[in-house]
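J.: Submitted below is the structure of interest, expressed as structure tokens.
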Amino acid sequence: MSAAADSSSPPAVPSHLATFIAFDFGEKRTGVAVGNRLLGTAQPQGSVHAQGEARFVQIAQRIQEWQPDAIVIGVPFHPDGAAHENTQRARKFGRQLHGRFRLPVFEVDERYSTTEALASGARDADAASACIILEQFLRSL
């Protein structure tokens, strides 16, 4: 199950899904954040500094620790909204997460999340970006 979140309509997220884990996918680093629907807030949880299968081992540990009901991934676009190479990579990552962990995956347009994270002085811009992505998603519910 994958649902794209856009600014015109909120994603169809069943109300029983309360705890979310979010990822800001990158080829070398993937930021992680967790949050819940009730509070509407997210907390950065560091970054996964691994590629390939090692990335999924670390993600599995995070999922086991937090027991989320669903996954949120940031999907990058050009400023004009056009897709690019990393758009497809992030969506593939989302499909892989769904296939491995059998959790619903929701997509959020992540344009400018890293810029916002850096502007806020985040020490781990990837985790802060995942937090921004998740908070944007939670506000849309």
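The values are calculated or read from the model by the stated rules, or taken from the named source; none is laboratory data. The shown structure was predicted, so the numbers you read here are calculated from the model rather than taken from an experiment. Using ideal geometry, Cβ is built from the backbone for each residue, glycine included, and neighbour counts are taken over all protein chains shown.
J.: I'd like to verify a number: residues in region 78-94 that are loosely packed, with under 15 Cβ neighbours inside 10 Å and either small (Gly, Ala, Ser) or touching a strand residue (DSSP E or B) at 6+ places or on another chain (Cβ under 7 Å) (or both), how many?
T.: Selection size over region 78-94: 3.
J.: Moving on to the next point. Being hydrophobic (A, V, I, L, M, F, W, C) and in a loop (DSSP other than H, G, I, E, B) is the filter here; which residues of region 48-96 pass it?
T.: If the condition is that a residue be hydrophobic (A, V, I, L, M, F, W, C) and in a loop (DSSP other than H, G, I, E, B), then Ala50, Phe77, Ala82, Ala83 are the ones that fit.
J.: Between Ser120, Ser113, Ser129, which is surrounded by 14 or more Cβ atoms within 10 Å (Cβ to Cβ) and at pLDDT below 95?
T.: Values: Ser120 fails: surrounded by 14 or more Cβ atoms within 10 Å (Cβ to Cβ); Ser129 fails: at pLDDT below 95.
When all the criteria are applied, what remains is Ser113.
J.: A further question follows. Would you say Ala5 is modelled with pLDDT under 90 and either over 20 Å from Pro76 (Cβ atoms) or within 12 Å of the chain's Cα centre (by Cα) (or both)?
T.: Working: modelled with pLDDT under 90: yes; either over 20 Å from Pro76 (Cβ atoms) or within 12 Å of the chain's Cα centre (by Cα) (or both): yes.
Yes, satisfied.
J.: Which number in (1) out of contact with any strand residue (DSSP E or B) (no Cβ under 8 Å at 6 or more places or on another chain); (2) buried (at least 23 other Cβ atoms within 10 Å of the Cβ); (3) of a type outside the set (S, T, N, Q) marks the one condition that Phe137 misses?
T.: Here Phe137 meets the rest and fails (1).
J.: If you don't mind, another one. Within region 45-68, is even one residue surrounded by 15 or more Cβ atoms within 10 Å (Cβ to Cβ), over 14 Å from Asp126 (Cβ atoms) and of a type in the set (D, E, K, R)?
T.: no
J.: Restricting the search to region 33-70, which residues are under 15 Å from the mean Cα position of the chain (by Cα) and either among the acidic types (Asp, Glu) or closer than 14 Å to Glu110 by Cβ (or both)?
T.: The answer is Ala33, Ala42, Asp69.
J.: Within region 93-101, is there a residue that is without any contact (Cβ under 8 Å) to a residue 40 or more places away in the chain and among the charged types (D, E, K, R)?
T.: So the first thing to find is which residues in region 93-101 are without any contact (Cβ under 8 Å) to a residue 40 or more places away in the chain, and the list is 99.
Next, only the ones that are among the charged types (D, E, K, R) stay: none.
No: region 93-101 contains no residue that is without any contact (Cβ under 8 Å) to a residue 40 or more places away in the chain and among the charged types (D, E, K, R).
J.: Answer yes or no as to whether Arg123 is touching a Phe, Trp or Tyr at 6+ places or on another chain (Cβ under 9 Å), farther than 11 Å from Val75 by Cα and not aliphatic (A, V, I, L, M).
T.: On the way: touching a Phe, Trp or Tyr at 6+ places or on another chain (Cβ under 9 Å): no; farther than 11 Å from Val75 by Cα: yes; not aliphatic (A, V, I, L, M): yes.
No; evaluated as a whole, the condition is false for this residue.
J.: Given the options Asp124, Asp69, name the one that is in contact with a Ser or Thr (Cβ under 6 Å, 6 or more places away or on another chain), within 16 Å of Ser47 (Cβ to Cβ) and not aliphatic (A, V, I, L, M).
T.: Asp124
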